[in-house]
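Here, each number is a calculation from the coordinates, and none is a lab measurement. Small disclaimer: the values here were computed from a predicted structure and weren't measured. Glycine gets a Cβ as well: all are built from the backbone with ideal geometry, and neighbour counts include every protein chain shown.
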Amino acid sequence: MSNTQARLPKPVTSEHIALKARKVSFAWEETPLHWIPGDPFTTHTINVLHLLLPAGERWFVHVYKQVLPYIEDDRLREDVIGFIGQEAMHAQAHDEVLPHLKELGLDPAPYLAQVDWLFEKLLGDRTLPPGRARKWWLYERVALIAAIEHYTAFLGDWVLNADSLDRKGADPTMLDLLRWHGAEEVEHRSVAFELFLHVDGSYSRRVRTWATAFSALVFLWQRGARFFMANDPTLEDGRASWREFLAKGRQGMLPTAGAMARSIPRYLDRGYHPSQEGSTEQAVAYLASSPAALAALAAEARATSPLPKGAA
Amino acid sequence: MPRLHTVAALAGAALLTRRALRRRIEHSPLWPLPALPVPTSGRPRARALTLTLARREEIADGVVQLSLTGRELPAWEPGAHLELTLPSGLVRQYSLCGDPADTSAYTLATRLVPADSGGRGGSREVHEELREGMRLRVRGPRNRFALKSSHAYVFVAGGIGITPILPMLRAAEASGADWRVLYCGRGKASMPFLDEVEKIAGPGRLTVVAEDEAGLPDLGALFADVPQAAAVYCCGPEPLMDAVAEVLPAGCTLHLERFTAAAPAEGEEVFEVELRRSGRTVTVAADESVLAAVRKELPDTAYSCEQGFCGTCQQRVLAGEIDHRDELLTDGERDGSMLICVSRARGGRLVLDL
């Protein structure tokens with residue numbers, strides 16, 4: 001125990017990279033309801049992302065806008081500004097999938113209304129006196145985001161390497177959305193944790209918020225998967241089960257329970273730093289070949305100013 | 001054995017709780033989280049669609065009409081435009097000129113603008129690269145030139161500026177309002193939709209002026225006996241719109257649609273922005289954004305992409321006319337807010353809630 005206090009988070013410096021938002025856009029008309037052919041359980045388990053992320057990432061942006069005045073390090077501020085734009089684009093991109101699901105007969109509104117309540121009301125700006133209480137709540141949320149980002153980076157790294165999804169013939173547009181998002185999550189995985197270290201960084205808060213975030217994620221995710229399976233109009237008796245989750249993990253269609261369990265002590269290690277996990281190189285390589293990211297780059301390279309409505 | 005009793009009681013209680021919870025959840029699977037009355041997610045600002053270019057035809061000299069088809073396309077109203085992503089990645093906006101009731105196709109028309117007269121490659125790509133059967137990505141439709149209800153209308157279209165006006169003519173005719181239209185252009189051969197305009201308007205309401213035959217249009221005559229408080233809609237080249245603004249009778253409201261949004265970098269306006277909450281006023285120079293000017297006073301103002309797509313810098317506008325230059329905000333949001341990284345003021349002054 002004597003040496004644990006002295007262990008500080010060790011960033012891998014070569015993994016730092018300047019962040020910027022990419023203006024991507026996806027068209028969904030051709031994506032089928034079960035975009036992994038013949039595998040509704042995996043499809044819907046991954047679909048839960050579209051339910052959690054729009055509200056969740058808007059909430060990240062909302063919290064980070066408030067924390068900007070407390071950042072004293074210029075490089076970190078740049079990173080946070082890049083992070084905010086990337087998260088805002090993630091929220092927009094996942095938001096666009098939802099009307100398509102509704103058109104396919106799977107209306108996500110009841111569950112969305114709950115997720116939105118969770119992020120906008122429960123985790124929103126409480127009526128608190130300015131000063132200590134307000135700051136405590138802000139830093140608590142910053143720590144929650146750092147814990148959630150540990151898992152988004154974990155999932156991002158997983159989806160970049162999930163070759164089984166390609167082999168099963170998953171819809172290319174959906175795969176590109178997931179991998180573009182996953183790659184950006186890997187790319188900016190250090191920002192949330194560094195911000196947490198910068199404003200507070202206490203170990204007890206890290207453990208406390210990890211426990212909250214982890215339980216909330218497990219609870220919301222299993223409930224979202226159950227909700228989709230139960231309401232899928234094409235399934236007679238749709239059910240989500242833990243057993244199937246474990247089986248899909250073994251087939252490489254979902255992250256394995258073992259990998260998830262192993263990620264817990266890593267986050268709780270005093271020497272943890274997100275740059276020790278995942279590979280920025282791989283993320284950047286994917287972003288350099290992603291159809292959506294390339295289209296965004298092309299659009300940016302040419303003047304994007306909103307111009308003519310008939311001429312030019 | 002008090003310990004055994006405790007264990008048995010706890011186990012029994014756990015079983016009962018589990019059963020009760022199961023029943024409760026079966027009854028209502030989303031119990032017990034509260035919910036917002038209406039979810040905020042799932043309503044994206046604009047959706048991307050991939051449409052098929054079903055028909056491409058030259059309808060006048062240098063003007064091609066594109067017909068993009070899809071299934072159950074979002075509805076639109078006269079004045080709306082579509083954002084089209086060309087195969088090269090160029091993004092251009094074109095007014096919809098078809099029938100709003102047709103939900104299976106969007107119709108656009110574009111004029112070829114050669115590079116030496118200020119074209120920037122978009123119309124050239126439309127004219128030279130697009131082939132029937134191609135799949136094109138669009139966003140929208142959006143409307144920044146909406147036809148407001150009025151008892152009388154005056155429409156002025158210059159050349160390709162007829163595209164947003166054409167559906168307006170049909171709507172005005174259907175509403176039974178008193179209306180007239182001036183359609184001018186360089187020459188009749190290059191003026192698209194001439195027959196259609198004639199058919200909708202009949203002889204009494206339409207004035208067609210082709211510069212090569214009759215010179216510049218007589219705007220004074222157009223507005224000579226115009227009804228009180230008519231709504232004037234004008235789309236055409238900049239000089240035409242300036243001329244209309246000059247002769248506009250008092251009481252009439254003028255609505256303009258520019259085809260090159262007034263955005264030449266060198267000719268930007270200098271204006272003032274009042275930050276009402278912090279009680280400061282900043283001057284936005286011609287070559288800087290509102291965001292840059294505001295950040296000099298309030299360095300913690302949030303922003304990110306600085307190109308008008310991420311939405312981080314959206315701010316409430318308390319007063320002043322906004323020149324929206326972003327591609328993100330909905331028409332509703334445009335009423336009272338702006339993205340300060342790209343949008344500017346029209347008319348010298350803005351008041352922000354900052």
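Here are the numbers for this structure:
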quantity	calculated
Burial ordering of A:I84, B:I322, fewest other beta-carbon atoms within 10 Å first	B:I322, A:I84
Karplus (6.51, -1.76, 1.60) ³J(HN,Hα), θ = phi - 60°, over the range A:147-156, in Hz, Gly and Pro reported as x	5, 5, 5, 4, 7, 5, 5, 4, 5, x
J(HN,Hα) series, the range A:98-114, from Karplus relation 6.51 cos²θ - 1.76 cosθ + 1.60, nearest Hz, glycine and proline x	4, x, 5, 4, 4, 4, 7, x, 10, 7, x, 3, x, 6, 4, 4, 6
Residues B:S41, B:S337, A:S279, sorted so that the one with the fewest Cβ neighbours within 10 Å comes first	A:S279, B:S337, B:S41
Rounded D (µm²/s) - the protein assembly as shown, Kirkwood Rh over Cα pairs, Stokes-Einstein at 10 °C, 1.306 mPa s	57
10 Å Cβ neighbours from other chains, averaged over peptide A:85-96	5
Rel. contact order, % - alpha carbon contacts under 8 angstrom, at least six apart, chain A	31
Exposure proxy order (Cβ contacts within 10 Å, fewest to most) of A:K135, A:K23	A:K135, A:K23
Antiparallel content of DSSP bridges confined to the protein assembly as shown, in %, to 5	60
Hydrodynamic radius by Kirkwood, which averages 1/r over all alpha carbon pairs of the range B:152-257, in angstrom	13.6
Relative contact order (percent, whole number), chain B, Cα cutoff 8 Å, 6+ residue spacing	12
Size descriptor, Kirkwood hydrodynamic radius, that averages inverse alpha-carbon separations across the range B:48-143, Å	13.4
Rough spin-label spacing in nm, given labels placed 7 Å along Cα→Cβ, for B:A11 and B:E77	6.9
Long-range lysine pairs (8 or more apart or interchain), the range A:64-184, Cα under 29 Å	5
Inter-part distance where the range A:1-80 and the range B:144-209 are each reduced to a Cα centre, Å	50
Extension gain, B:L30 back to B:A115 (0.36 nm per residue minus Cα-Cα distance, nm)	24.6 nm
In Hz, Karplus ³J(HN,Hα) per residue of the range A:21-30 (6.51, -1.76, 1.60; θ = phi - 60°; x = Gly, Pro)	6, 10, 8, 8, 7, 10, 10, 9, 3, 9
Tail fraction, Cα-Cα pairs, chain A, threshold 28 Å, whole percent	41
